[in-house]
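Taking it in order: structure first as structure tokens, then the write-up.
Every number here is computed from the coordinates shown, using simple stated rules; none is lab data. This is a predicted model, so every value here is computed, not measured. Cβ coordinates were reconstructed from backbone atoms using ideal geometry, including for glycine residues, and neighbour counts include every protein chain displayed.
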């Protein structure tokens, strides 16, 4: 009867293997850049999924941080990724709307149990029998879902009601709100996307998404800081000399 020594390495976390082989400064530098890039995408997305689930945003952060740590600690692959998936926002929102947060928790536990059983029964190899067209179609569907979910923020659109979850009603609602488009928001989003694709084309080893986000945030802070300083000064004048600060104008009053 086999004693299991021939397959024991399959159950060993890859982190232990990597540390046993030697972990140098070069690998650490690459991991830090990868971690920052993933965090910029994963943390806001985790808060968005939490809000869609009907809970507070910090719970999404807790889930992303703790879940990501566990996946990295116990992963069996050097390239395994764990984090929130934007394509599941629609599923999460519809589940919460129909069954509540308690129903969502039951669904998550059932999904984890099914994945565990698939691993124990060694059924993961069945994935090779799924047609390539199905995999490509599923991936394209995720891409379309994520792209549609970002159109509102990309154009700085202002909706009169909640944004629909389904793709068709979402596009119709966004189309009716085109008149509220914010040129500055569109310029920042389009400029960031252009920079990411340009760096991917000419400097593929550079962290394009990280560079684009840092530059966009720095530029916005530089543009908004003078306005913020002016508002603080006007509020100080209001308290000292009876000025009243109103949106778009300043009115003088008598105490």
Hey, rough spin-label estimate for residue 70 and residue 181, points 7 angstrom out along Cα→Cβ, what's it come to in nanometres?
4.4
Please give the length that would be gained between residue 55 and residue 34 if that part of the chain were fully extended, namely 0.36 nm times their separation in residues minus their C-alpha to C-alpha distance (nm, one decimal).
4.7 nm
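For a protection proxy built on the mean count of beta-carbon atoms within 10 angstrom, sort 98-109, 185-196, 126-137 highest first, please.
Working: 98-109: 12.8, 185-196: 15.2, 126-137: 8.8.
Listed from highest to lowest mean packing, they are 185-196, 98-109, 126-137.
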When the chain is fully extended, how far beyond the present Cα-Cα distance does residue 77 get from residue 16, taking 0.36 nm per residue of separation?
20.9 nm
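Give, to the nearest whole percent, the P(r) tail of segment 130-181 beyond 13 angstrom, counting all Cα pairs. Don't skip to the answer; put the middle values down first.
Values: 796 of 1326 pairs.
When all Cα pairs of segment 130-181 are counted, 60 percent exceed 13 Å.
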Label-to-label distance, nm, for residues given as residue 122 and residue 88 (7 Å Cα→Cβ offset)
2.8
